[in-house]
Structure formats: structure tokens, C-alpha cells
1. Would you be able to tell me the number of residues in region 135-150 that are in contact with an Asp or Glu (Cβ under 8 Å, 6 or more places away or on another chain), over 15 Å from ASN182 (Cβ atoms) and in a helix (DSSP H, G or I)?
2. Applying the selection to region 135-152, what residues are among the hydroxyl-bearing types (Ser, Thr, Tyr) and either under 18 Å from VAL193 (Cβ atoms) or crowded, with 24+ Cβ neighbours inside 10 Å (or both)?
3. Can you list residue pairs whose Cβ atoms sit under 6 Å apart, with the first residue in region 156-183 being of a type in the set (D, E, K, R) and the second being surrounded by 12 or more Cβ atoms within 10 Å (Cβ to Cβ)? Count only pairs 6 or more apart in sequence or on different chains.
4. Specify which of the listed residues (GLY210, GLY251, GLY235) is in contact with a helix residue (DSSP H, G or I) (Cβ under 7 Å, 6 or more places away or on another chain) and either modelled with pLDDT of 90 or more or over 21 Å from ASP177 (Cα atoms) (or both).
5. Which of the residues that make up region 254-270 are at pLDDT 80 or above and on the phi < 0 side of the Ramachandran plot?
6. Can you name the number of the only condition in (1) surrounded by fewer than 24 Cβ atoms within 10 Å (Cβ to Cβ); (2) touching a Phe, Trp or Tyr at 6+ places or on another chain (Cβ under 8 Å) that LYS162 fails?
Amino acid sequence: MGTIRDAAGMTPSHDLVELVRQATQEMSAEYRRIYVRTREDPGTAGDQGEENWAELLKRWLPSTHHVVTKGRILASNGQTSPQVDVLILSPYYPRGLIDKKLYLAAGVLAAFECKTTLRPPHIRKAVDTAASIAQLGRSDESVSRKIMYGLLAHSAQVPEKKTSASETVGRLLRTADQDQVNDLRDCLDFVCVADLGTWAMQQGHIAPDGLYPEHIISGYMASSPSDPLTPEPIGRFLTCLLGALAEQDAGLRPFAAYFRTAGLFGVGHGTLRRWTMKGQPFEEHPDGDLVFRDWTIRR
């Protein structure tokens, strides 16, 4: 185990940073409004929370990307995923199928589970669902990249006397990853709690250094509003999401780079998990990258 730390340019006064701050304030206001009615009608409250996140994605992603709610992912072999709350569909997704609640795996870019208030069991469930969806994608030859999966919440209740809420979420996430994920392609990609922090899975290749043989590392890069170098959690989440989508969409790359350079990713740190190279299902590309069928690790 070890720690990783990453940083990007910070421009706290940038107008884009202020716009993200406004989006965060709107999400917070919606949480307060929804929370009042949660006990008397939890189902409607949950639906409203999902709509909040869907609306955020519609406003911040290109208009070509379709954002839909409530459905399951359908592989070409007939296998279906558990129900998910919000999905991002490819710009090329057939328009006549967008209103159907079984979404073709080949056209699903990302899916999310949404919670008004995040609690510890939600993390373990999301880690399981992420693995299930990743495996479904790999079972379908028409899917050429990983279907990303994330957990989104307005706020969190993770009682812990000895650590902060953000530290507790990070610990629960690492523990679930260690206990439940046996293939590094199955990791949960994002956790964003709008008023607390964003955790983004990052992976990399490590050359032999005398202490460790050649291996792959993975870890959740954490953020917290209490860190003066870290921007709003929603800004960090959007930056990570745009960067991941840009891996397959060259048109998004300038915007992903802009968000990061403007300081919306900020500083991250996390605990490493090491994966041995033996038994990993990859091929070595001529340029040195490790190429899996549905994603690439840069060397």
C-alpha cells in the first residue's frame, strides 16, 4: 500500500470555477428542499434527487450526449444489468430507442446510481453494481470500451467519531474495493458527494524499481472542501467525467483539458492498491501502453 497525490493548475478566481460553485449551491438548495419531504414520501424524494443529477449532466455535457433516467443496460446476448438511475448515451444512439428503458450496451457511455443521502451500505452496493456492469460490457463484443459507473449523492451520513465524513467515505470505498473487486477492470469509477468530496478511480503502470516488480496500481483520488487547494466536488467530478469521455471522443478533449487547467480538478490523494502483472488480460502495444479490450493504461 502507499499514497498517491496529483495536482492541476489552480485559478480560484476563474469564471468557470464560479459557475461550478453556483451549480453546487443549487444542488445544496435542492437537497434541503427534498430532505424536508423524505420521511413522508421517500420514493418521490429519491426520484427528485435523480432528476437533479440528470439535469446537472444535461447542462454541463455537450447537447449531443443524451442523458436519461431509470433503466437497465441490455447486452447483445440478452443479458441485462441491474436498474440504474441515470445514464449517458452516445451521440450516435438511435433516436427511436432513447425513450425505451432497456438501453443498448453499445451506446451506453456511463451509468450512475443516485442517492439523496449517502450511507455506508450504498458504497458496497455500488461497488458490486460497477463490477456487474463492467462484466456485462466485456461479455458484449459490440462494446469497445468500459461502461463507466459512478455513485452520486447530494450529501452523506456516515457516522464515525474518530474520522471526518470524507475520511470515512474514503475508507469505506477502499475497503469495499479490496473486499469485492478481483479484476482491476471492474472498479467503481466515481463517487461524488456534492457537499463533501469526489473520489475518482485512477490507474497506472509502475516499472520494476528494485523494491517491487513491474505492477499496476489503482487508487481513489480523494478530494475534500476542507482542502484549500481543492475546488468544488461537482467541478472535480465533471472534470474527471469529461476526461474519461474524451478518451473515446476527440471533440471533448479540449474541454476536458480546459476544465483541468482552470483548476476544477485541484489536488488529490489516495491509498494505492497494487496488482501483479501475472494473469492480467492485456496486450502490450508497440508504443508501450498496456491495452485491454475495453481500456488502456498509459506507460
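1. Step one: filter region 135-150 for residues in contact with an Asp or Glu (Cβ under 8 Å, 6 or more places away or on another chain), giving 135, 137-138, 143-146, 148-150.
Retained after the next criterion (residues that are over 15 Å from ASN182 (Cβ atoms)): 137, 143-146, 148-150.
Checking the rest, the ones that are also in a helix (DSSP H, G or I) come to 137.
Qualifying residue count, region 135-150: 1.
2. TYR149
3. GLU160/THR168; ARG174/THR271
4. On the way: GLY210 fails: in contact with a helix residue (DSSP H, G or I) (Cβ under 7 Å, 6 or more places away or on another chain); GLY251 fails: in contact with a helix residue (DSSP H, G or I) (Cβ under 7 Å, 6 or more places away or on another chain).
The conditions single out GLY235.
5. Looking only at region 254-270, we keep the residues that are at pLDDT 80 or above, and these are 254-265.
Those that are at pLDDT 80 or above and on the phi < 0 side of the Ramachandran plot: PRO254, PHE255, ALA256, ALA257, TYR258, PHE259, ARG260, THR261, ALA262, LEU264, PHE265.
6. (2)
Rundown of residues vs (1) modelled with pLDDT of 95 or more; (2) more than 30 Å from THR168 (Cβ to Cβ); (3) touching a helix residue (DSSP H, G or I) at 6+ places or on another chain (Cβ under 9 Å); (4) not aliphatic (A, V, I, L, M), yes/no style:
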residue	(1), (2), (3), (4)
GLN79	yes, yes, yes, yes
VAL84	yes, no, yes, no
ILE88	yes, no, yes, no
GLY96	yes, yes, no, yes
GLY107	yes, yes, yes, yes
CYS114	yes, no, yes, yes
ALA126	yes, no, yes, no
GLU141	no, yes, no, yes
ARG145	no, yes, yes, yes
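The values are calculated or read from the model by the stated rules, or taken from the named source; none is laboratory data. Owing to the predicted nature of the structure, the values given are computational and were not obtained by experimental measurement. Cβ atoms come from the backbone with ideal geometry, glycine included; neighbour counts cover every protein chain shown.
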